[in-house]
Structure formats: structure tokens, C-alpha cells
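Since every read-out is calculated from the coordinates, none of them should be taken as a lab result. In this text, all values refer to a predicted model and were calculated from it rather than measured experimentally. Quick reminder, even Gly has a Cβ in these numbers, built from the backbone with ideal geometry, and neighbours come from all protein chains shown.
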Amino acid sequence: MRGIVIEFLSFKGCPHAPILRKRLDEALHAIGVTATPFAIDLHMLRQANDLRSGFGSPTILLGGLDLFNMATPSHAQDPACRLYRPSLPTTAELIEKLREGISDSQ
């Protein structure tokens, strides 16, 4: 896990952000990762014209890549809610994706 950056993109008032953040923290704990994800405000990214603002809230980036394989947006956008199909990822799904992502990055 050394050197991998975890970013949690969201904005104040996003109803799904606290739920996904709790599940992310639980997943990291379950796999023994002690790194604290960087909480990044999508409004600040938009002001900086950062492409990550186009991901939507909430989004988890691992090493700069979306944990659920969404392509990096081609332009900065105003913050919006992100919809996960069929629903917000569970802690178990996050554990699986984090293990895959960490394994792929080493």
C-alpha cells in the first residue's frame, strides 16, 4: 500500500457521501490499510478547473483512478451527484475493489 494515494471526492450536502465514506473507512480497516483518504471538495476542484470535478459525488480514487472504472472526465464540471448502479457500493464491494486496485498498482 506504500505510496498509493486514496482520494474521496464529494461536496457538502451530498446525501450519499457520509454513507460511502463510512463504508470506505470500514473496508480499509478490514484489509489492514491505515492510510487516511484525502477528502477533496468537488467545488474546490471545479474552481481550479480540475478534471476530477467531473467524477461526481461521492467518488473514490485510488492512485488517481476511479475505483469503479469510470473514465477520467475530459473536462471540469460543476459538482453533481454520482449514481451507482444498482446501488451505492457495499463495504464488501469496496474491500474487493480496494484489494484489486492495490494489487494492480504494485
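Between helix 17-30 and the chain there is an angle of about 20 degrees, using the helix long axis and the longest principal axis of the Cα atoms.
Counting every other Cβ atom within 10 Å of each residue's Cβ, Ile4, Ile60 order from fewest to most as Ile4, Ile60. Site pair Ser74 and Gln47 shows an inter-label distance of 2.9 nm when each label is modelled 7 Å from Cα along Cα→Cβ. Leu61: net charge of surrounding residues, Cβ under 13 Å, Lys/Arg +1, Asp/Glu -1, itself excluded? Within the 13 Å Cβ shell, the charges total 0.
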